[in-house]
Amino acid sequence: MPQAARRLDEATLAEVPAAIRRPNYDRAGLGIACLHLGVGAFHRCHQAEYMEDLLASGLSRGGLFGVNLAPPALGPMLGRQDGLYSRTLHDGTASETRVIGAILKVADGAAAALALLADPAISTVTLTVTEKAYCHVPATGELDEARAEVAADLADLADPADPAGQGGPASLPGLLACGLARRARARAGPINLISCDNLPANGAILARVVRGFAGRALPGLAGWIEDNVAFPATMVDRIVPATTAAGLDSVAARLGLRDEAAVQGEPFRQWVIEDAFRAPRPRWEAAGVEIVADVGPHVLTKMRVLNAAQTMLALAGALAGHDFTHEAAADRALARWVGRTLAAETLPHLPPAPGMAPGPYLAASLARIANAGIAHRCHQIATDTSQKIRQRLLDPIRACRGAGAPHPGLTRGVGAWIAYLARSGPDFGARWTVSDPVMARAGPAILRHGRDIAGLTREILSQADIFGPDLSGDAAFAAEVTAAAQGLLDAPRGPPPAA
Ligand code: CS2
């Protein structure tokens, strides 16, 4: 494919083909309406486009200041493009590209975030930093003080010679607590901290880890947080895989310009935010965001249906030799298992969520995952399963147990995780490398147990921080998970247990 040499930026924007939508507003005259932490592909294809819609219809006089906390550094890359980038939505073979101008500034690192958190001009912060960045114990939601970055931040703050440590706090709870301490000192006023990560009750978890950190290290801050900080819960949704080199090339062909920050996703999008603000915020509802009293039912429905289906198809799909979840969704045996399991075991226990009727939502979710225009790698979704499995599979299993209902299909999903871990070991040909914080513990267990799946299952399930005291201590559950894992290792597409 011929490569366009010039890059997308303010100077070249006019060269973008006329059919492609681009900012129709004066970016130079805008202020900052919102700080966003974590400027990865999901944010650029989701919250940033909602902001773009507000700007395009003249409903906001400010755009976004993005601060990226995890590598790779994005400031220089987006800076070279004056913050401009494109998002392309794929529906099967149909695609639509739009240039987004809502991100006005981008910086990298904790120091930038600390300064902005204390800036009175900033009253709303949204976050997409991945599940594990919250440094919480997945089973309880409490701050995990044993996490290396949390322990390091606590040690730094206890050291009067160098209380900020080198380069600022390393953990998200440490960063936000220190930023809020600065804000309190600067009398910069109330602020909304809005988690947009896929955690159940993400607002409550964010509040807990920030308060937990402050309680340990910043005496006197708790009362100020109580009076000045809102932590609304949210549900965010759009399937946005990591951008590939081939994706960048095809966007360059569309734009006639290189765009190193391009993102690609599906047409569907949804954003629901709890109406619990303390400070001024963008008028998101004018762009279709649902502001509701209780996001709980929306969150449970999305995580237990769409996200659970993704996790089941990703884990079992990888075992069956599929690269992408749309391929796993087209694999009849896998699709049947996932569809039947979620219909029979998950849907009956969901609270009603306005606008998300369970049956149609399940059908729509499976159709979205089957979208062959979206190249979502099974291994990308399988990343950090230890941080995702509670909300996607374990809590639905608990709901079944609470109702005295069987859950063989969901158990098979847990078995798929064990089999996925086992397959990374040398005894199964070291088929892939698992990217997950659990590997610090699971890696040695995989080596030790080799082909002994019962032993591996027992050891993984004994992690109460993931499986909770109920499931981690349940020998019968461990035996069922073992049988499911063994079955998937023997015959990845084999018949699911009768559901
Ligand atoms: C995916 C999600 O990687 C994953 O864990 O399941 O990123 C998913 O695509 C989004 O939650 C969709 O809104």
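Numbers below:
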| item | result |
| --- | --- |
| Evaluation of R431 against (1) in a helix (DSSP H, G or I); (2) open to solvent by 20 Å² or more (accessible area, probe 1.4 Å) (one fails), failing number | (1) |
| Single unsatisfied condition, G66 versus (1) in contact (Cβ under 8 Å) with a residue 40 or more places away in the chain; (2) out of contact with any strand residue (DSSP E or B) (no Cβ under 6 Å at 6 or more places or on another chain) | (2) |
| Wholly within segment 300-387, helices (runs of 4 or more DSSP H) carrying at least 2 residues that are at pLDDT 95 or above and out of contact with any helix residue (DSSP H, G or I) (no Cβ under 7 Å at 6 or more places or on another chain) | 332-341, 358-369 |
| Leading residue by the ranking (surrounded by the most Cβ atoms within 10 Å (Cβ to Cβ)) among those in segment 236-284 that are among the acidic types (D, E) and over 22 Å from the mean Cα position of the chain (by Cα) | D259 |
| Helices (runs of 4 or more DSSP H) fully within segment 25-116 counting 2 or more residues that are out of contact with any Pro (no Cβ under 6 Å at 6 or more places or on another chain) and away from the ligand (no atom under 16 Å from the Cβ) | 47-56, 75-80 |
| Condition broken by V438, with the remaining ones in (1) within 23 Å of the chain's Cα centre (by Cα); (2) over 23 Å from T130 (Cβ atoms); (3) aliphatic (A, V, I, L, M) satisfied | (2) |
| Members of segment 431-478 found to be polar (S, T, N, Q) and in contact with a Pro (Cβ under 7 Å, 6 or more places away or on another chain), listed by number | none |
| Test: A364 is away from the ligand (no atom under 12 Å from the Cβ), closer than 30 Å to V251 by Cβ and open to solvent by 20 Å² or more (accessible area, probe 1.4 Å) | yes |
| Candidates T128, T124 - the one that is in contact (Cβ under 8 Å) with a residue 40 or more places away in the chain, surrounded by 21 or more Cβ atoms within 10 Å (Cβ to Cβ) and in contact with a His (Cβ under 6 Å, 6 or more places away or on another chain) | T128 |
| Hits in segment 394-428 (condition: within 16 Å of the ligand (Cβ to nearest atom) and open to solvent by 10 Å² or more (accessible area, probe 1.4 Å)) | D395 |
| P437 open to solvent by 10 Å² or more (accessible area, probe 1.4 Å), farther than 30 Å from G92 by Cβ, part of a loop (DSSP other than H, G, I, E, B) and within 16 Å of the ligand (Cβ to nearest atom) | yes |
| Residue in segment 278-286 that is away from the ligand (no atom under 16 Å from the Cβ) and assigned to a strand (DSSP E or B) present | no |
| Residue ID - surrounded by the most Cβ atoms within 10 Å (Cβ to Cβ), chosen from residues in segment 131-152 that are among the aliphatic types (A, V, I, L, M) and closer than 13 Å to Q387 by Cα | A133 |
| Residue in segment 374-385 that is open to solvent by 10 Å² or more (accessible area, probe 1.4 Å), in contact (Cβ under 8 Å) with a residue 12 or more places away in the chain and more than 13 Å from the ligand (Cβ to nearest atom) present | no |
| One residue from L421, L393 being touching a Gly at 6+ places or on another chain (Cβ under 6 Å) and either of a type in the set (S, T, Y) or under 28 Å from H136 (Cβ atoms) (or both) | L393 |
| Residue in segment 457-476 that is most open to solvent (accessible area, probe 1.4 Å), counting only those that are under 15 Å from R398 (Cα atoms) and among the acidic types (D, E) | D470 |
| Test for Q391: is it open to solvent by 30 Å² or more (accessible area, probe 1.4 Å), among the polar types (S, T, N, Q), modelled with pLDDT of 95 or more and within 14 Å of the ligand (Cβ to nearest atom) | no |
| Flag if L64 is modelled with pLDDT of 95 or more, within 20 Å of the chain's Cα centre (by Cα) and buried (at least 23 other Cβ atoms within 10 Å of the Cβ) | yes |
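Here's the yes/no breakdown for (1) touching a Ser or Thr at 6+ places or on another chain (Cβ under 6 Å); (2) open to solvent by less than 20 Å² (accessible area, probe 1.4 Å); (3) free of Cβ contacts under 8 Å to residues at least 24 places away in the same chain:
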{"site": "L8", "(1), (2), (3)": "no, yes, no"}
{"site": "A18", "(1), (2), (3)": "no, no, yes"}
{"site": "R27", "(1), (2), (3)": "no, no, no"}
{"site": "G31", "(1), (2), (3)": "no, no, no"}
{"site": "C34", "(1), (2), (3)": "yes, yes, no"}
{"site": "V39", "(1), (2), (3)": "no, yes, no"}
{"site": "Y50", "(1), (2), (3)": "no, yes, no"}
{"site": "L59", "(1), (2), (3)": "no, no, no"}
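The values are calculated or read from the model by the stated rules, or taken from the named source; none is laboratory data. Computed from a predicted model, the values in this text were never measured in an experiment. Using ideal geometry, Cβ is built from the backbone for each residue, glycine included, and neighbour counts are taken over all protein chains shown. Side chains are part of the model used for accessible areas, which takes the heavy atoms of the whole protein and leaves out ligands, DNA and RNA. Shrake-Rupley method; radii C 1.70, N 1.55, O 1.52, S 1.80 Å.
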